[in-house]
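Trainee: Before I ask anything, let me first share the structure, which is written out below as structure tokens.
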Amino acid sequence: MIRRDYYLNKLIDYKDKDIIKIITGIRRCGKSFLLFKIFYDYLIETGINEENIIKINLESIRYEKLRNPNSLFEYLDNKIKNNKKYYIFIDEIQLMDKFEDVVNGIKTDFNCDLYITGSNSKLLSSEINTKLRGRGIEIKVYPLSFKEFYDGKTDKNTAFNEYIKYGGLPYINSLDKEYEKHEYLKMINDTVATKDIIDRNKIRNEEVFNAVIDLLCSQIGCYVSPNKIANTLVSNGFKTVDNDTVSNYLKHLCDAFLFYKAVRYDLKGKEYLKTLNKYYICDLGLRNQRLGYRQMEMTHIIENIVYLELLRRNYQVDIGKNKESEIDFVVRSHDDLYYIQVSLSIENESTRMREENAFKGLDDGYKKIIITMDNNPLIHLERGYKMLNLFDFLLNENILKSI
């Protein structure tokens, strides 16, 4: 079993605090298993009575009637039979209408520690947060990191090749045959990653919507804009595509945590730019299955992996505009900042100079790091820049601070 200790420790940190724990992430990334199995086992091991833990999966037919607020309250009222604290888990809370009012009611009427999961970022809109009276804290769950995926395996390179091809959805790790992995990813793409979004947002032009997904999958790590996407689709034969439609589709995809939007930041002008952003997919396996396992450009693939790993580590990640150059990632935490370039290799001198030149003129004392797959024991480059092997980065969560 993959324990996912990073997320478990977050749940432990917030346990019994008077705040609603909101666990978010794309469907099938492991939210339910984290809560219903890993955290549940922890509670039992620490002495919580099994009767004082209530688990409700609103996605299950068994609990479908509990999507009605009155039915849910009646169910909880019958389950709660003593004055001790209850631990209430509600999975896929967005399937209930006006769930924010229900959540507030549960916190008011019962002595409980409440945990909810959701697969849509609308859970976190300013309006809902206001209705929750500022009493919700988000715990973001992603598909398996490479470190989690690699745990228990023996050959690092074999594991990495499998990871970049089939991705990190937890169930993939339990499948041995390639056709099983392919069929599972196809099922997720056809249902969870596409049909659910279409149904939830009442998208009428499914063909255009799928074409937008395919275009983003083929252009991870590339600058895109609604206008650029619309023009590309029109040139490919779609007749009724406009900027507003594409903008809405992009928002729906990000709301469902299928893609993440990286915004450009002008390092000289100290402002965010409104055009030409980048989109990174939550899981490379989903991307590769949609594209028929073509377009396996390693530089873009490892860029996507690095971006997601930085998000997992709770950094704020932007694209940097440095005069005429681009810095792949401007990475901020509450107490530090890093400039990061991602390159498959910098053994070629012209490639190394190109990557280093992206940092030119940034004399602010913050670390400038090039992440590469080169197997080079040296980490120091000219002008104080650092070189970091990709595996060292992925397997050491604190390495940005230590190099």
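The values are calculated or read from the model by the stated rules, or taken from the named source; none is laboratory data. Model, not experiment: these values are computed from the prediction. Every residue, glycine as well, gets a Cβ built from its backbone with ideal geometry; the counts of neighbours run over all protein chains shown. With ligands, DNA and RNA removed, areas are computed over all heavy atoms of the protein, side chains included. Shrake-Rupley method; radii C 1.70, N 1.55, O 1.52, S 1.80 Å.
Trainee: Using the charge dipole of the chain (Lys, Arg: +1 at Cβ; Asp, Glu: -1 at Cβ; taken about the Cα centre), state which of 245, 291, 47 has its Cα farthest towards the positive end.
Mentor: Farthest along the dipole direction, towards plus: 245.
Trainee: Right, here's the next one. Mind checking the dipole of the stretch 306-403: about its Cα centre, +1 per Lys or Arg Cβ, -1 per Asp or Glu Cβ, Debye to the nearest 20?
Mentor: Values: 13 positive and 17 negative charges, 33 e Å.
Once rounded to the nearest 20, the dipole reads 160 debye.
Trainee: Which value in nm describes the separation of the simple spin-label points at residue 84 and residue 238, placed 7 Å from the Cα toward the beta carbon?
Mentor: 5.5
Trainee: Oh, and also: Using a 1.4 angstrom probe on the protein heavy atoms only, line up 235, 32, 174 by accessible area, largest first. Walk me through the intermediate numbers first.
Mentor: On the way: 235 90, 32 45, 174 70 Å².
I get 235, 174, 32, largest accessible area first.
Trainee: Would you work out what percent of the accessible area of the stretch 320-403, with all protein chains in place, is carbon or sulfur (probe 1.4 Å)? Before the final figure, lay out each step's value.
Mentor: On the way: 2030 of 4370 Å².
Roughly 47 percent, rounded to a whole number.
Trainee: How large are Rg and Dmax for the stretch 216-308 when only the alpha carbon atoms are used, in Å?
Mentor: 14.0, 41
Trainee: As an exercise, find the ratio Rg/Rh for the stretch 144-303 from alpha-carbon atoms, using the Kirkwood inverse-distance average for Rh.
Mentor: On the Cα set of the stretch 144-303, Rg over Rh gives 1.00.
Trainee: Another question, if that's okay. Can you divide the C-alpha Rg of the stretch 189-232 by 2.2 N^0.38 Å and report the result to two decimal places? Intermediate results must be reported in sequence, preceding the final value.
Mentor: Details: Rg = 11.3 Å, N = 44, 2.2 N^0.38 = 9.3 Å.
Rounded to two decimals, the normalised Rg is 1.22.
Trainee: Just in the stretch 150-184: which trypsin sites (Lys or Arg not before Pro) are loop by DSSP and have at most 10 other Cβ atoms within 10 Å? Working shown, then result.
Mentor: On the way: sites: 153, 156, 165, 177, 181; in loops: 153, 177.
Qualifying residues, ordered by number: 177.
Trainee: Less than 18 Å apart at the alpha-carbon level, and either on another chain or at least 8 residues along: which aspartates and glutamates does that give for residue 122?
Mentor: The reachable aspartates and glutamates, counting only those whose Cα sits under 18 Å from residue 122, are 59, 91, 92, 97, 100, 101, 138, 196, 199, 255.
Trainee: While we're on this one: Beyond a 25 Å Cα-Cα separation, which of these cross-linked pairs lie in this structure: 140/270; 10/85; 37/81; 181/278; 55/81; 147/177?
Mentor: Details: 140/270 28 Å; 10/85 20 Å; 37/81 23 Å; 181/278 28 Å; 55/81 15 Å; 147/177 22 Å.
From the list (140/270; 10/85; 37/81; 181/278; 55/81; 147/177), the Cα-Cα distance tops 25 Å for 140/270; 181/278.
Trainee: Could you give the dipole magnitude of the chain about its Cα centre, charging the beta-carbon of Lys and Arg +1 and that of Asp and Glu -1, in debye to the nearest 20? Show your work: numbers first, answer last.
Mentor: Working: 61 positive and 60 negative charges, 120 e Å.
Charge dipole, the chain, about its Cα centre: 580 debye, nearest 20.
Trainee: Working only with C-alpha atoms, what are the Rg and Dmax values of the chain, expressed in angstrom?
Mentor: Looking at the chain, its Cα Rg and Dmax stand at 22.5, 71 Å.
Trainee: Name all residues of the stretch 322-358 having a backbone nitrogen under 12 Å from the label point set 7 Å from the Cα of residue 383 along its Cα→Cβ direction, giving them as ranges.
Mentor: 325, 353-358
Trainee: Moving on to the next point. Could you report the chain's accessible area per residue, 1.4 Å probe, as an integer in Å²?
Mentor: Numbers: 19300 Å² over 403 residues.
Per-residue accessible area for the chain comes out at 48 Å².
Trainee: Go ahead and run the numbers for FRET between residue 325 and residue 225, Cβ-Cβ distance against an R0 of 22 Å, rounding to 0.05.
Mentor: On the way: r = 20 Å, r/R0 = 0.90.
After rounding, the FRET efficiency stands at 0.65.
Trainee: Tell me, in nm to one decimal, what length is gained between residue 171 and residue 396 on full extension, where the rule is 0.36 nm per residue of separation less the Cα-Cα distance? Let's see the in-between values first.
Mentor: Values: separation 225, 0.36 × 225 = 81.00 nm, distance 2.41 nm.
Full extension from residue 171 to residue 396 adds 78.6 nm.
Trainee: Only helical DSSP H runs with n ≥ 4 go in: add -39500 (n - 2.57) per run for the chain, normalise by residue count and round the 222 nm mean residue ellipticity to 500 deg cm²/dmol.
Mentor: Values: 17 runs with 156 residues, N = 403.
Theoretical 222 nm ellipticity from helices: -11000 deg cm²/dmol.
Trainee: Roll a 1.4 angstrom probe over the protein heavy atoms and tell me the percent of accessible area of the stretch 203-302 that is carbon or sulfur. Don't skip to the answer; put the middle values down first.
Mentor: Details: 2180 of 4540 Å².
Carbon plus sulfur share of accessible area: 48 percent.
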